[in-house]
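Report on the structure given below.
The values are calculated or read from the model by the stated rules, or taken from the named source; none is laboratory data. All figures in this text were calculated on a predicted structure; none of them were measured in a lab. So basically every Cβ, Gly included, is an ideal-geometry build from the backbone, and we count neighbours across all protein chains shown.
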Amino acid sequence: MKQLHVLIALVLFGATSTSAQIPINEESGKAEYKYTGDISGQTSSQLYDRAHKWINKFYKNPNGVMTTQDKENGKIVGRARFKLSRIERKGHVNPNAGFVSYEITLQFKDGKYRYVIDGIRWEQPSYYDVSEWTNKEQTGYDEAEFTSYIEQTTKYFDELTASLEEYMKVGEPEKKDDW
């Protein structure tokens, strides 16, 4: 019965697949998501406005996220975090496994934009880059727990980046006034 609870919890978090990987910057050795997209026919100002609208849709507290808004130089910087859940030994889910914090930088030029998501860390008393979840040599390593954290983190960033990339391509659909 105990194993059934653990299996159910793993399925709920998608942790049955260990293929999820957090991308690592080769120079720094730290977790990082990075992408440059081409959007022909759009000025840097238009791309900035589009990204600003996306931030307002994606985040519950967009003004609390954005730390830099520099339209003239084509740059938005933000800091955000999301909550992790933990699968306990008896199979129940503890929604209080801490937070993953990150910094997102969006930059714009005519016809293209770039995002860099870095500083991705598990909030701990000292800096703990999420790439450490793959280090089996560390003290206190728990494969099931850390695999679940990796799955949750990659799922969050996959959804964030897919949402951002799609919004930057298409923007907001025009509303028709069919009165």
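Among the residues of region 79-102, those identified as modelled with pLDDT of 95 or more and either surrounded by 17 or more Cβ atoms within 10 Å (Cβ to Cβ) or not in a strand (DSSP E or B) (or both) are Ala80, Val100, Tyr102. Mind checking whether some residue in region 63-84 is closer than 24 Å to Val130 by Cα and touching an Asp or Glu at 6+ places or on another chain (Cβ under 6 Å)? Yes: region 63-84 contains one or more residues that are closer than 24 Å to Val130 by Cα and touching an Asp or Glu at 6+ places or on another chain (Cβ under 6 Å). Every residue in region 81-101 that is under 20 Å from Pro62 (Cβ atoms) and without any contact (Cβ under 8 Å) to a residue 40 or more places away in the chain, please. Within region 81-101, Lys83, Phe99, Ser101 qualify.
Might you let me know whether region 126-148 holds any residue that is in contact with a strand residue (DSSP E or B) (Cβ under 6 Å, 6 or more places away or on another chain), at pLDDT below 95, surrounded by 13 or more Cβ atoms within 10 Å (Cβ to Cβ) and outside any helix (DSSP H, G or I)? Looking through region 126-148, at least one residue is in contact with a strand residue (DSSP E or B) (Cβ under 6 Å, 6 or more places away or on another chain), at pLDDT below 95, surrounded by 13 or more Cβ atoms within 10 Å (Cβ to Cβ) and outside any helix (DSSP H, G or I). Take the conditions of a type outside the set (Phe, Trp, Tyr), surrounded by 16 or more Cβ atoms within 10 Å (Cβ to Cβ) and part of a strand (DSSP E or B) and apply them to Ile55. Does it pass? No: the conditions fail for Ile55. Just one of the numbered conditions (1) at pLDDT below 90; (2) surrounded by fewer than 12 Cβ atoms within 10 Å (Cβ to Cβ); (3) part of a helix (DSSP H, G or I) is not true of Asp177: (3).
So, Ile76, is that one in contact with a helix residue (DSSP H, G or I) (Cβ under 7 Å, 6 or more places away or on another chain), outside any helix (DSSP H, G or I), in contact (Cβ under 8 Å) with a residue 40 or more places away in the chain and under 19 Å from Tyr167 (Cβ atoms) or not? Before the answer, list the steps.
Values: in contact with a helix residue (DSSP H, G or I) (Cβ under 7 Å, 6 or more places away or on another chain): yes; outside any helix (DSSP H, G or I): yes; in contact (Cβ under 8 Å) with a residue 40 or more places away in the chain: no; under 19 Å from Tyr167 (Cβ atoms): yes.
Considered against the rule, which asks whether it is in contact with a helix residue (DSSP H, G or I) (Cβ under 7 Å, 6 or more places away or on another chain), outside any helix (DSSP H, G or I), in contact (Cβ under 8 Å) with a residue 40 or more places away in the chain and under 19 Å from Tyr167 (Cβ atoms), Ile76 comes out as no.
Give the residues of region 1-15 that are over 17 Å from Ala162 (Cβ atoms) and either surrounded by 12 or more Cβ atoms within 10 Å (Cβ to Cβ) or at pLDDT 95 or above (or both), sorted by residue number. Residues satisfying the conditions are His5, Val6, Leu7, Ile8, Ala9, Leu10, Leu12, Phe13, Ala15.
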